[in-house]
């Protein structure tokens, strides 16, 4: 009987699903330790204020309260560190004001934690927190980047002039100026990239534990990268050496970036557990998530393209203000710089580019990477600019893209903004997407919609992203304070089953299945014989976690390297057993055989020999079959593709319905098509959410107006269409799998496709641009204000 | 939420008595009240659960639909009798909250709370319903007295609501994109109480009747009759999802659609 | 403190709770049934949906004392005693209708109620509308809708009526 194919390319059903569909998942809030206490954070309800006084006596006297802490108790510990340093144009390092675990002297955003109450139950802690007597004195505050850089704006940090964290640039300013001077046409566009709140369905949670006998701390936390949390919290905040600090990220209910960062609450529960010698647990209420999870996006930009008479792009000039919020979150400085401006060539041959970015402090929740991180902002800017060029010049939206594409034979392609693309075929994904979306048949559908009184539009985006940010040497030069390699440990057990320990983390991506398929493919054993372990610093040598669509391209490559070592060692053992030369041993389908003979040994037999080395080359080879590999990529990977969106707008209400969505992506090698399709659909849902629904709204002072699901519009099932996903793969040329990454393509490619479609639907109204989200209210106002003009025409 | 004493009386009289305690609050389906308690916006001394008073049930006669106060939205939505007598009412119930919320939320709770973005008040007002309590009958016209304010006295319990069967009626709801509550809900009816148009979700003072629409529809029951009648934005709510002007516009759109749907 | 006696997944339980205790807190903290999740505090997300006396209920919007005497089924109680999964669980796995798994218990419980209460069949639009009270941030719902449509015939023991498809 033939075993079902489970290797690379098979849509194997997920190994992790049984526990999730049975209520057997093991999330952080499901963990309860003996003697556990509960922490509740009292947070600022003011955007900016001086802390005049805090009287904890009333809270401390409440039933069940064990401790109340404020910044005054934390003098011995450090602030929450930032993991990336950017230098301004003038060479000076970015402003990096302290981010205290609990607010010191001032609060700088609604949600800034001021004090924590630790009590026997969560309700007791919350009851007592209300009895904290905190006197705040309001200070002038500012929430938008444009207001924050205006002369005389209130300062978020006293020592940061003009609220400028850094004033950075990239590219060739003189070259761009010269090209603009000669251009036949210049098209400019001002645009906002709306602030989003990640809202992973599992709120953040953390449980700190301390063993006074061993001096060992354990932190269970909702993290995408437990080793990074151990490093940052251990070394910078709490000064706990690595061997005394274990960080466990068990099942994690979605992250989308928001669970990359080291948060104050993690340090607080760990520190308090040590002080109180009892476990301390904190679980965010959703309302806390809204005001304490790092937000995403929030750019205000001006983009200008210089063109020749035929529509060829000559130069791009971009100026961006990026909101950092009240403090610097872990990777915040990298997002609007190396994950954004370096992407501004996109899929086009624009020969010179100049981009300047000012990162700006405001009295808002810190902003950091959210699914796509910088790349959606770059893609949105470029793809909106391309459609605006067509709006202004009358050029065709498809033709102009084809004219400016980097040709399939032009790789490797060096962009003017530092990146070197290794592979891609943008014509192939464009053609496939247009075919799947029946682009040619659109005029008939528009006419039919018009007959029904609806405005129908179609739009596309042709995009590129950079994943698996690397290599470590380069990112170090760019300001990263960590390496960006990945680690895999492949342990072949004595009877041939395998456990893989990976430094990546799965919080929905299905690594337990995809990586098992990878191992199955390379080692020739069934998926059922392979377990993938992640998320525990006590089990896994090291790791940088999961973000930036890096897990397969970087983590998977580390696994391939470790398995190469397993096979190399296995060959030596096999050669010994079969009395052949190592050079004559080949490994295929789980068997080591002697070339040209029928002699072979299974992986299991070799493993048993390795652990029971009775007949073994013990003088030249160590026993055991357990290999670790670190993989540091040579370059980013560059997924890309084409998204096509078709919408209908109800003129009476302004409601936009997405009636069709096609995503054709080049994600490189696909291990599990089912999982890839799911990743793209989920990403597109978030992209449609950004384009039509979601908006983290602040008033001018910094009060969060969309602080719950009652006001923040999460995409629901009836807001979304079915999402057609296709792939057109070219392989990554520099990693052993040829993999590029699929986690973010959906969220990167889709927002401009949606807005381009909405603008197309409104083409009779003379609309050139609108900022996301294209809410019913906004569209109604646009339709209203343009109606008289239409009537007059 | 703050802790409280909990009582589950077995008779309306006992419930009224229990509600006589200072800061006592009645618990019907709890789908609004429990979230309010969770946000610590209310601190009752005692919560009186009305579930055991026998107030759930639907009775339909030729002239009226009488719904017990503790009847869930789900039960109203699913009632074949109501679908026959006043389909608009069943439709309205099917649009409140979501499936799970409709399994718990009740008509009595909704009316007593008089949330400005609740759906039921519009039906009660447009159909000229009568709200019966433990002590009296109150006309809908007198019942709603502004946002979260009703004619109910402290401790007074709604026992049932009677809706006269109209000749024509329909409800159209423009949902708040985030919360899915009514951002604008319009109930139109032509019935024993005359032609009535009640608007929920939009007004700062809660549900209200739209006199201009009623006049126009009384003369000519058709969607076209509403064309050109602008609704003033004064007194309408404004928030991040809809300005007062947008709400005013949507009132017109939803009203036209409701009239068209009512036939 | 009030005493609550109820049947959960076929087993009787009697627990002393503060009156303010939510049903979901009773399930998770008193009965260690952590499969039911809490994803919000405004009754919007549906991660906490369980079955109470035959209908889906948001267990974060029901007091534990209100469930006194009730029969409650949670995600842990769906599979048969021999471990055979409920068809909805099977279809969620088969159609990749979950990623991080956090919304999944509530989504499955809501989906079962939705299919049960629509013996006449369900269109795609009806399924999407029926999921109004359940948020998923991972899947974009596409595969959840597919899974529910695929579970309908398995739960009703017949093909989905053509008109509904």
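The values are calculated or read from the model by the stated rules, or taken from the named source; none is laboratory data. For clarity, every value in this text was computed on a predicted model and none was experimentally measured. Here Cβ is always computed from backbone atoms with ideal geometry, including for glycine, and neighbour counts include all displayed protein chains.
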Scan of region A:23-37 for residues that are crowded, with 22+ Cβ neighbours inside 10 Å, within 11 Å of chain C (Cβ to nearest Cβ) and in contact with a helix residue (DSSP H, G or I) (Cβ under 9 Å, 6 or more places away or on another chain), ordered by number: A:23, A:25, A:29
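Looking at B:101, B:36 in this structure, which one is closer than 30 Å to residue C:1 by Cβ and either assigned by TED's automatic domain parsing to the domain that holds residue B:5 or more than 18 Å from the chain's Cα centre (by Cα) (or both)?
Selected residue: B:36, the only one of B:101, B:36 that is closer than 30 Å to residue C:1 by Cβ and either assigned by TED's automatic domain parsing to the domain that holds residue B:5 or more than 18 Å from the chain's Cα centre (by Cα) (or both).
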Any hit, region A:511-522, residues being at pLDDT 95 or above and in a loop (DSSP other than H, G, I, E, B): no
Filter result (within 23 Å of residue A:144 (Cβ to Cβ), in a helix (DSSP H, G or I) and in contact with a helix residue (DSSP H, G or I) (Cβ under 7 Å, 6 or more places away or on another chain)) within region A:688-717: A:690, A:691, A:692, A:693
Test: residue in region B:195-202 that is out of contact with any strand residue (DSSP E or B) (no Cβ under 8 Å at 6 or more places or on another chain), within 14 Å of chain A (Cβ to nearest Cβ) and either outside any strand (DSSP E or B) or surrounded by 21 or more Cβ atoms within 10 Å (Cβ to Cβ) (or both): no
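Suppose the filter is in a loop (DSSP other than H, G, I, E, B) and more than 30 Å from residue A:749 (Cβ to Cβ); does residue A:633 pass it?
Details: in a loop (DSSP other than H, G, I, E, B): yes; more than 30 Å from residue A:749 (Cβ to Cβ): no.
For residue A:633, the condition - in a loop (DSSP other than H, G, I, E, B) and more than 30 Å from residue A:749 (Cβ to Cβ) - is not met.
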For residue B:233: the one exception among (1) over 17 Å from the mean Cα position of the chain (by Cα); (2) closer than 19 Å to residue A:713 by Cα; (3) touching a residue at least 12 places away in the same chain (Cβ under 8 Å): (2)
Some residue of region C:62-75 being more than 29 Å from residue A:715 (Cα to Cα), over 16 Å from the mean Cα position of the chain (by Cα), free of Cβ contacts under 8 Å to residues at least 60 places away in the same chain and not assigned by TED's automatic domain parsing to the domain that holds residue C:157: yes
Region B:5-31, residues that are facing chain C (nearest Cβ under 9 Å), under 28 Å from residue C:49 (Cβ atoms) and either surrounded by fewer than 21 Cβ atoms within 10 Å (Cβ to Cβ) or free of Cβ contacts under 8 Å to residues at least 12 places away in the same chain (or both): B:8
Residue in region A:424-438 that is touching a helix residue (DSSP H, G or I) at 6+ places or on another chain (Cβ under 9 Å), part of a strand (DSSP E or B) and surrounded by fewer than 24 Cβ atoms within 10 Å (Cβ to Cβ) present: no
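Answer yes or no: is there a residue in region A:673-696 that is within 19 Å of residue A:777 (Cα to Cα), modelled with pLDDT of 95 or more, over 21 Å from the mean Cα position of the chain (by Cα) and more than 8 Å from chain C (Cβ to nearest Cβ).
Taking region A:673-696 first, the residues within 19 Å of residue A:777 (Cα to Cα) are A:688-696.
Cutting the leftovers down to modelled with pLDDT of 95 or more gives us A:688-696.
With over 21 Å from the mean Cα position of the chain (by Cα) added as a condition, the list becomes none.
Scanning region A:673-696, I find no residue that is within 19 Å of residue A:777 (Cα to Cα), modelled with pLDDT of 95 or more, over 21 Å from the mean Cα position of the chain (by Cα) and more than 8 Å from chain C (Cβ to nearest Cβ), so the answer is no.
Need a quick list: helices (runs of 4 or more DSSP H) entirely within region A:200-319 having at least 2 residues that are away from every other protein chain (no Cβ under 14 Å), over 24 Å from the mean Cα position of the chain (by Cα) and modelled with pLDDT under 95.
Details: elements: A:226-232, A:264-276, A:286-292.
Hits in region A:200-319: none.
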Residue in region C:117-140 that is buried (at least 22 other Cβ atoms within 10 Å of the Cβ) and either more than 10 Å from every other protein chain (Cβ to nearest Cβ) or over 25 Å from residue A:693 (Cα atoms) (or both) present: yes
Residue count, region C:65-97 (criterion: in contact with a helix residue (DSSP H, G or I) (Cβ under 6 Å, 6 or more places away or on another chain) and more than 13 Å from chain A (Cβ to nearest Cβ)): 1
Test result for residue C:42, facing another protein chain (nearest Cβ under 8 Å), closer than 18 Å to residue C:106 by Cα, within 16 Å of the chain's Cα centre (by Cα) and free of Cβ contacts under 8 Å to residues at least 40 places away in the same chain: no
Meets criteria (part of a strand (DSSP E or B), within 30 Å of residue A:333 (Cα to Cα) and away from every other protein chain (no Cβ under 14 Å)) for residue A:77: no
Odd one out for residue B:106, checked against (1) over 23 Å from residue B:33 (Cα atoms); (2) touching a strand residue (DSSP E or B) at 6+ places or on another chain (Cβ under 8 Å): (1)
